[in-house]
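For reference, the structure is listed below as structure tokens.
Every number here is computed from the coordinates shown, using simple stated rules; none is lab data. The model shown is predicted, which means the values in this text are computed figures rather than measured ones. Every residue, glycine as well, gets a Cβ built from its backbone with ideal geometry; the counts of neighbours run over all protein chains shown.
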Amino acid sequence: MITRMTLESYELGQGTGPLRGIKVVEIAGIGPSPHACTILADLGADVIRVERPGGQLLTGGAHDLLNRGRPSVALNLKDPAAAEVVLDLVAGADVLIEGMRPGVTERLGIGPEACHARNPRLVYGRMTGWGQEGPWSQAAGHDMNYIAITGTLHGLGQVKGTPQFPANLVGDFGGGSTYLVIGILAALLEAKVSGQGQVVDAAIVDGTAHLNTMLAAFLAGNTYKEERVSNLLDGGTPFYSIYETADGEHMSVGCLEPQFFAAFTELLGVTDTIPGQFEFDRFDEMRALIASKFKEKTRDEWCAIFDGTDACVAPILKFSEAVDHPHMKAREILVEKDGLVQPAPAPRFSRTEATLGLPPSPRAGAHTRDALVLWGIEDVDGLIERGVAVQVD
């Protein structure tokens, strides 16, 4: 494993993906903003991660895959000289990403106005939960809070009485980092035409609401009940649900279309006894029949029966099990690199295939000297001696 970058082991432009040659300055945060930078680095961009000395709360270390693919530089951003270093980095960059509360980077001297004065073509990406303005813009919050007010959390889960939140996948990464990357890529394309950069205000509340466009359409068409386990895709139908197997594991069933439902019932062995797919008044009977059949065999036995069929059935695997699933292995969706099992870059490209770069930095500032030199910063040793920058060996 690479534990300290050297000039021999890392150079700019090493990325192989479609973003090769794009330079990104990351002002380190937690959650969605580092995930966005991981995506950009996976796709070939040169990302330099600017961290506070000592690193971020809840992040860091050689196992932190959200920090993979880029060097770590430690700068004391409370020192005006450090802000000048960031502005020098920005002068040769295409993108800056920050995930602080609104107004913080302005107070540090690295806000959009200061950065665009150095580089008018810069795309300035801002990642927040509530957005840059609004009554709650300065309030603290986390994933479940953001998805709660968008109307998204209310419908999640298969428990009628209480919403169930899916860790921080829907807000932080679905409505957050993914939409930040979309915005940055769109702004980069526009900047090539106009010659001007702009600010991308990516708020988790905005992206999460946008993820819910289909639900909004269902509501508009009066085909959705705002009640959990009452609709087509929330477990309200027995043919789109989860069932326990004989060994206490679970299978996912999603045979919505009639032809897939027919394949499912045949392989389950209930073709002659199951109610019609859309006999709504017999859904309880159908659910009980399906549940009892799944309890007759183990998960692996059902996997052997449904494997590769059109029945739309798949086992529910732990992450540690997923790496060994034949389809996951065949596509190398989860790979082992530098001693860590991790998701491979996504999506895939026919010419400019993305590849994994540097492993996560073991410590904030592990690459300060070499990375700053590579990015053209002058008198790096002087910055380290004065405590503006910190090199951790």
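The residues in segment 116-159 that are among the β-branched types (Val, Ile, Thr), part of a loop (DSSP other than H, G, I, E, B) and within 16 Å of residue 203 (Cβ to Cβ) can be counted, and the count is 2. The residue pairs whose first member lies in segment 68-87 and is closer than 17 Å to residue 104 by Cα and touching a residue at least 12 places away in the same chain (Cβ under 8 Å), whose second member is among the charged types (D, E, K, R) and in a helix (DSSP H, G or I), and whose beta carbons are closer than 7 Å, counting only pairs six or more residues apart or on different chains, are 87/118. If only residues of segment 162-200 that are outside any helix (DSSP H, G or I) and free of Cβ contacts under 8 Å to residues at least 60 places away in the same chain are counted, the one that is nearest to residue 30 (Cα to Cα) is 167. Candidates 101, 121: the one that is basic (Lys, Arg) and in contact with a helix residue (DSSP H, G or I) (Cβ under 7 Å, 6 or more places away or on another chain) is 121. Filtering segment 193-214 to residues that are closer than 13 Å to residue 123 by Cα and touching a strand residue (DSSP E or B) at 6+ places or on another chain (Cβ under 9 Å) leaves 197, 198, 199, 200, 201, 202. Find the residue count for segment 265-274, including only residues that are under 23 Å from residue 321 (Cβ atoms) and either in a loop (DSSP other than H, G, I, E, B) or touching an Asp or Glu at 6+ places or on another chain (Cβ under 9 Å) (or both). Qualifying residue count for the region: 0.
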